[in-house]
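S.K.: Attaching a single structure in structure tokens format; questions to follow.
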Amino acid sequence: MTQSEQTATGGRAAALTPASRKAIDLWVAKYPREQRQSAVLSALTIAQEQNGGWLTTELMDAVADYLGMPRVSVYEVASFYSMLDTRPVGRHKVSICNNISCMLCGGDEIIRYVERKLGIRLGDTTPDGRITLKVEEECLAACAGAPMMTVDGHYHEHLTPEKVDAILDALE
Amino acid sequence: MSAKPEIHDDQVTVEIDGVAYRARKGEMIIRVADAAGVVIPRFCYHPKLPVAANCRMCLVEVERAPKPLPACATPVTDGMKVFTRSPRAIAAQKAVMEFLLINHPLDCPICDQGGECELQDLSLGFGSSVSRFAEKKRVVADHDLGPLIATDMTRCIHCTRCIRFLEVIAGQKELGGIGRGEHMRIDTYVERAIGSEMSGNVIDVCPVGALTSKPFRFTARAWELREYAAVAPHDSMGSHIALHTRGGRVMRVVPREEESINEVWISDRDRYSYQGLYAADRLTAPMVRRGDRLEPVEWDVALEAVADGLRRAVTEGGPDAIGVLVSPTATLEELYLLNRLVRGLGSSNIDHRLRQTDFRNQEQAPAFPSLGLPIEALERVDAALLVGSNVRHEQPIAAHRLRKAALAGAKVLFVNPLDFEFHFPVAERIVADPAGMVRAVAGIAKALGAGGAGDTPAARDFLKEIRPAPAERAIAQALREGERASVLLGALAAAHPDYSLLRALAMRIAAAAGATFGELPEAANSAGAWIAGAVPHRDAGAVPVLPAGRDARAMIESPPQALVLFNVEPEFDCHDAAAARRAAHASAFTVVMGSYGSEAAREYADVLLPVAAFAETSGTFVNAEGRWQGFRGAATPPGEARPGWKVLRVLGNLLGLPGFDYADSAQVCDELRAKAGGLTAEWRGEPGDIDIVESARVTGLFRIGEAPIYRTDPLVRRASALQKTELARDAVCRIAPKEAARLGLADAARVEVMQGEAHAVLPLVVDERVPEGCAWIPAATPGSAALGPSIGPVSLRVAP
């Protein structure tokens with residue numbers, strides 16, 4: 001039994017799979033013992049993966065109870081970071097940068113183009129559950145390749161409508 | 001650096017607006033400025049909360065700093081020059097104000113905070129008259145935070161004082177900053193009520209109208225209210241409160257600052273209980289029983305009836321035929337006059353210890369129960385052992401001080417009959433049935449060397465067989481090692497069948513460990529009741545009375561012919577609810593003097609006298625430190641209700657007792673002060689001998705019943721908003737999982753609870769916090785009003 005399993009006695013920690021716990025434990029081990037909550041961001045990422053890309057309240061509670069921190073503190077973290085989703089998502093997450101460099105290079109047009117193409121607005125998911133367009137993605141530090149977007153975490157730069165078509169159409 | 005001898009190393013000189021001040025190195029500019037009376041605008045800064053520096057309103061100019069700095073988060077350094085009113089500082093403050101107002105609605109005319117709003121006040125000085133912001137303002141959806149706190153989150157300026165209060169002071173982080181940037185909102189995220197027993201303080205710390213009082217909402221404007229200083233009427237801390245009245249009616253209660261007691265906080269019980277003043281069953285006219293009916297009568301008729309009834313009882317049955325049970329929330333003046341009345345009639349049957357059942361060794365008790373140290377000192381203990389105490393619900397303010405101590409590293413230790421949840425780390429806890437509690441406390445005493453050659457024979461005999469368990473040794477060691485250690489008995493120790501024994505052992509622990517000994521008295525005037533002589537064995541001023549009169553338990557077990565209940569509801573306020581109610585019925589002449597005429601009272605009362613409630617009468621409370629705190633009447637009593645001391649004065653005169661011609665309540669208090677002013681809480685003789693172990697004799701299931709936080713006295717039981725909270729839930733029966741299995745109740749949803757002839761059907765909950773051999777069934781609730789001793793034998797069976 002690992003240290004963190006011992007402390008994860010009560011609450012909803014059981015909602016985390018053994019594999020998730022094991023992965024979280026690797027992160028917990030990197031911080032001082034009394035600062036387990038430092039692993040919250042990694043833990044939420046792992047929990048999100050376990051659930052197909054988004055966090056239920058139950059999973060956030062599980063992370064809170066597992067790390068021994070107030071549940072609302074976990075909600076704060078989960079609702080702050082754009083790579084964490086607290087509502088159901090599609091199979092692929094598309095984030096189109098809307099910050100200054102991309103905006104100057106036509107990022108807005110790309111966003112409008114994608115919205116029209118998929119028939120959804122930023123923040124929505126296609127009815128077939130294929131793609132979620134993430135809302136208000138801020139700078140992803142690829143200004144040299146503006147306009148840019150990420151698809152499931154992979155960077156795509158110098159976007160044009162044709163390029164976007166090719167990328168998005170290839171998604172299952 | 002100057003070489004003057006009076007200058008300490010940690011002192012620096014800082015100049016604010018051209019004036020030099022001495023300050024501690026590292027102190028924030030805003031603290032130095034506040035101490036000097038220099039006004040710096042702020043929203044997020046609060047002297048009792050950690051610094052967040054997120055509102056930026058307190059920006060000031062500091063010489064040689066490239067940009068304005070937040071005064072709340074900038075430590076002073078030697079020679080620092082601060083400008084709070086320079087053009088640069090003012091420009092920065094005005095710019096921040098403009099940003100804060102961008103999203104703030106202009107709904108001051110319909111906002112409860114209007115007139116006492118920090119944003120409103122500061123915008124007068126720093127806001128501009130016209131907004132340059134022409135875009136859409138953001139709107140935030142409100143979520144229900146429960147029956148006590150109203151929200152208008154669109155008004156929120158994200159200062160996070162409420163978040164920090166709940167996290168740092170209340171010790172239970174229930175609100176957070178959800179979302180980011182413009183979408184950030186203060187929320188619970190999952191819809192639920194704020195559950196802290198101190199939650200109402202978020203209303204006070206909120207600088208805007210985002211969090212306001214739900215019961216007070218839309219009922220009055222701040223400038224219509226008159227403020228009266230008062231003392232909180234529930235727990236024994238004596239928190240300073242202010243009553244805000246309009247037209248003689250209490251509209252709300254807010255804290256008054258008193259650093260040595262409640263700092264700037266009050267519990268929700270103290271804040272919202274005023275609603276009970278306006279309950280539907282307030283007594284508004286005297287009533288006398290004629291046949292089967294209670295009829296409203298004039299005061300003189302009712303008082304004559306009481307005088308006649310008492311006189312008749314004395315004539316027929318002697319002085320022992322009368323008895324008085326009085327609430328420990330009565331004022332010192334009421335208690336003293338009741339005492340004079342009873343003793344004037346030759347009796348000593350008067351008691352306020354309604355939830356107590358063990359009165360052995362009362363002769364040795366100190367003049368009044370006391371904490372044994374100032375409330376303030378609770379936060380500086382290194383170790384504290386609490387026996388039989390859910391301090392968080394009994395005295396939230398004491399719990400707050402202990403929490404500070406615990407967070408600073410103090411070891412807080414418990415011996416409790418239930419595994420209560422605390423908002424601070426508990427170093428060691430022993431959870432055991434009543435007999436187990438005695439054994440545990442004995443074990444700690446033994447581990448500290450009690451029962452040795454110097455102890456009394458009975459103690460040596462009793463402790464001979466005790467073998468301290470590891471947890472008991474750990475507690476003993478923590479107490480011994482603590483430089484400032486304290487042993488405290490709580491309400492569940494006072495209601496314990498072996499209270500005297502617990503007390504005798506706890507005092508041995510304190511003496512052996514070099515700790516202070518004290519009690520956490522139950523009610524606002526428990527200490528005052530002792531001082532005023534509302535105990536059968538002592539007159540006012542702690543003068544011994546021989547022979548002693550009958551204590552509360554004796555009066556309930558064999559009721560006197562004439563029984564006076566002063567603000568007591570027997571079915572809720574007494575150790576044995578069923579027996580107390582029976583006694584009220586059995587007594588041939590029952591007088592109810594109080595603020596309420598409940599259904600139950602109307603059944604057993606022969607005369608009902610409407611007495612002014614808290615806030616409606618002047619009086620004095622003595623808190624757990626022995627501090628006498630007087631207050632004036634602030635609200636008008638309803639109908640014919642009169643202050644208790646006046647009613648008792650007239651009664652005394654009608655009965656022909658000498659010296660009942662008081663001009664005002666201050667005169668009553670002065671008379672008592674002359675007799676009792678110098679009393680201290682010293683023990684009188686040995687801490688008590690050690691004799692019979694009543695609780696250990698019981699085999700089978702034991703009921704543990706505390707008076708829940710919002711059920712402790714008639715006033716709070718009628719506070720409608722508090723009664724809607726989670727903490728005010730009606731009684732359920734809780735037993736340990738193993739106990740449920742043993743009793744064959746694992747699948748039962750409801751059980752029949754039996755205590756002798758008394759029984760009730762309650763929902764059953766399996767709960768690991770209950771030790772085996774116990775059933776947790778709260779007292780003072782409608783569901784348990786028909787039951788017997790709140791700590792005593794009980795049996796359960798599946799409800800039919």
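S.K.: Based only on the alpha carbon positions, what is the Kirkwood hydrodynamic radius of the stretch A:17-172, in angstrom?
M.R.: So the Kirkwood estimate lands at 16.7 Å.
S.K.: Which ³J(HN,Hα) values in Hz, rounded to whole numbers, follow from the phi angles of the stretch A:94-110 under the Karplus curve 6.51 cos²θ - 1.76 cosθ + 1.60, where θ = phi - 60° and Gly and Pro get x?
M.R.: 10, 10, 9, 5, 10, 7, 4, 5, 5, 4, 5, 9, x, x, 4, 5, 4
S.K.: Taking amide H positions as placed in the peptide plane 1.01 Å from N, state which residues far from B:VAL751 in sequence (5 or more) or on other chains have amide H under 5 Å from it.
M.R.: HN-HN under 5 Å from B:VAL751: B:LEU762, B:LEU764, B:ALA799.
S.K.: Using modelled amide H (1.01 Å from N, peptide plane; none on Pro or chain starts), what sits under 5 Å from the amide H of B:CYS774, excluding residues fewer than 5 places away?
M.R.: Hits under the 5 Å cutoff: B:PHE702, B:ALA736.
S.K.: Another question, if that's okay. Once the Cβ-Cβ distance between B:ILE110 and B:ARG22 is put in as r, and R0 is 56 Å, what FRET efficiency do you end up with, to the nearest 0.05?
M.R.: 0.75
S.K.: Working out 0.36 nm times the residue gap between B:TYR278 and B:GLU557, then minus their Cα-Cα distance, what length gain in nm do you get to one decimal?
M.R.: So the extension gain works out to 97.1 nm.
S.K.: Placing +1 on the Cβ of each Lys and Arg and -1 on the Cβ of each Asp and Glu in chain B, which of B:SER486, B:MET754, B:ALA53 has its Cα farthest towards the positive end of the resulting dipole?
M.R.: B:ALA53
S.K.: A further question on this structure: Just for the Cα atoms in the stretch B:106-260, what are the lengths along the principal axes, largest first, rounded to whole Å?
M.R.: Between the extreme Cα coordinates on each principal axis of the stretch B:106-260 lie 51, 35, 27 Å.
S.K.: Could you tell me the distance between the Cα centroids of the stretch B:403-481 and the stretch B:321-367, to the nearest Å?
M.R.: 32 Å
S.K.: Per residue of B:167-177, count partner chain C-beta atoms within 10 Å of its C-beta, then hand back the mean as an integer.
M.R.: Mean number of neighbouring Cβ atoms from other chains: 3.
S.K.: Please report B:THR284, B:THR315, A:THR150, B:THR331 as a ranked list, fewest other C-beta atoms within 10 angstrom at the top and most at the bottom.
M.R.: Placing the least packed residue first, the sequence is B:THR315, B:THR284, A:THR150, B:THR331.
S.K.: Taking neighbour Cβ counts within 10 Å as the exposure measure, how do B:ASP498, B:ASP730, B:ASP270 sort from fewest upward?
M.R.: Starting with the residue having the fewest Cβ neighbours, the order is B:ASP730, B:ASP498, B:ASP270.
S.K.: Just grab the label-to-label distance for A:SER82 and B:THR77, each label 7 Å out from Cα along the Cβ direction, in nm (one decimal).
M.R.: Modelled inter-label distance: 3.8 nm.
S.K.: So for the pair A:GLU34, B:LYS48, with labels modelled 7 Å out along Cα→Cβ, what separation do we get in nm?
M.R.: 2.6 nm
S.K.: Still on this structure, I have one more. How big is D, in µm² s⁻¹, for chain B by Stokes-Einstein at 4 °C and 1.567 mPa s if Rh is the Kirkwood radius over C-alpha pairs?
M.R.: So the translational diffusion coefficient is about 46 µm²/s.
S.K.: So what's the stretch B:725-800 giving for Cα Rg divided by 2.2 N^0.38 Å, two decimals?
M.R.: Compactness ratio reported: 1.00.
S.K.: Which one, A:MET103, A:GLY68, A:VAL114, projects farthest toward the positive side of the charge dipole computed for the stretch A:66-172 from Cβ point charges (K/R +1, D/E -1)?
M.R.: A:GLY68
S.K.: Taking the mean number of other Cβ atoms within 10 Å as a proxy for protection, how do you rank B:24-37, B:451-464, A:86-99, B:148-161 from highest to lowest?
M.R.: Ranked from most to least packed, the peptides come out as B:148-161, A:86-99, B:24-37, B:451-464.
S.K.: How big is the gap, in Å, between the Cα center of the stretch B:136-198 and the Cα center of the stretch A:136-172?
M.R.: The two parts, judged by their Cα centres, are 37 Å apart.
S.K.: Between the helical axis of B:299-317 and the dominant principal axis of chain B, each derived from Cα atoms, what acute angle in degrees is found, rounded to the nearest 10?
M.R.: 40 degrees
S.K.: Per residue of B:562-575, how many C-beta atoms from partner chains lie within 10 Å of its own C-beta, taken as a mean?
M.R.: Mean inter-chain Cβ contacts per residue within 10 Å come to 0.
S.K.: Report the extension gain between B:GLU599 and B:ARG85 in nm, rounded to one decimal, defined as 0.36 nm multiplied by the number of residues separating them, less their alpha carbon distance.
M.R.: Length gained between B:GLU599 and B:ARG85: 178.6 nm.
S.K.: Okay, moving on. Using a Förster distance of 45 angstrom, determine the FRET efficiency expected from the C-beta separation of B:THR219 and B:ARG460, and round it to 0.05.
M.R.: Calculated transfer efficiency: 0.10.
S.K.: Compute the distance in nm between two label points, each set 7 Å from the Cα along the Cα-to-Cβ direction, one at A:ASP169 and one at B:ALA674.
M.R.: 10.5 nm
S.K.: Relative to the longest principal axis of the C-alpha atoms of chain B, give the angle of the C-alpha long axis of helix B:470-481, reported between 0 and 90° and rounded to the nearest 10°.
M.R.: Relative to chain B, helix B:470-481 is tipped by roughly 60 degrees.
S.K.: Then there is this: Hey, can you grab everything whose amide H is under 5 Å from the amide H of B:ARG429? Only 5+ residues off in sequence or another chain; H modelled, so Pro and N-termini drop out.
M.R.: B:PHE414
S.K.: Per-residue Cβ counts within 10 Å, from other chains only, averaged over B:187-194: what number is that?
M.R.: If you average over the peptide's residues, the count of other-chain Cβ atoms is 3.
S.K.: Please turn the phi angles of the stretch B:18-31 into ³J(HN,Hα) values with the Karplus equation 6.51 cos²θ - 1.76 cosθ + 1.60 (θ = phi - 60°), one per residue in order, whole Hz, x for glycine and proline.
M.R.: x, 10, 7, 10, 8, 8, 6, 4, x, 5, 6, 3, 5, 5
S.K.: Could you state, as a whole-number percent, how many of the C-alpha pairs of the protein assembly as shown are farther apart than 38 Å?
M.R.: 55 percent
S.K.: Give the Debye-formula value of log10 I(q)/I(0) at each listed q (0.21 Å⁻¹), with one equal scatterer per alpha carbon of the stretch B:1-101, two decimals each.
M.R.: Here the Debye-derived log intensity ratios amount to -1.05.
S.K.: Okay, moving on. In degrees, nearest 10, range 0 to 90: what is the angle between the Cα axis of helix B:87-102 and the longest Cα principal axis of chain B?
M.R.: So the helix axis and the longest Cα principal axis differ by about 60 degrees.
S.K.: Let me ask another. For a quick check: sort B:TYR274, B:TYR189, B:TYR21 by the number of other beta carbons within 10 angstrom, fewest at the front.
M.R.: Fewest-to-most ranking of B:TYR274, B:TYR189, B:TYR21: B:TYR21, B:TYR189, B:TYR274.
S.K.: Kindly write out, for the stretch B:512-519 in residue order, the coupling ³J(HN,Hα) from the Karplus curve 6.51 cos²θ - 1.76 cosθ + 1.60 (θ = phi - 60°), rounded to whole Hz, with x marking Gly and Pro.
M.R.: 6, 8, x, 9, 7, 10, x, 10
S.K.: Assuming R0 = 30 Å, can you tell me the calculated FRET efficiency for the pair B:VAL39 and B:LYS724, based on Cβ-Cβ distance, to the nearest 0.05?
M.R.: Using R0 = 30 Å, I get an efficiency of 0.15.
Here, each number is a calculation from the coordinates, and none is a lab measurement. As the structure is a computational prediction, the values presented were derived from the model and not from experiment. Cβ: placed from backbone, ideal geometry, glycine included. Neighbour counts: every protein chain shown.
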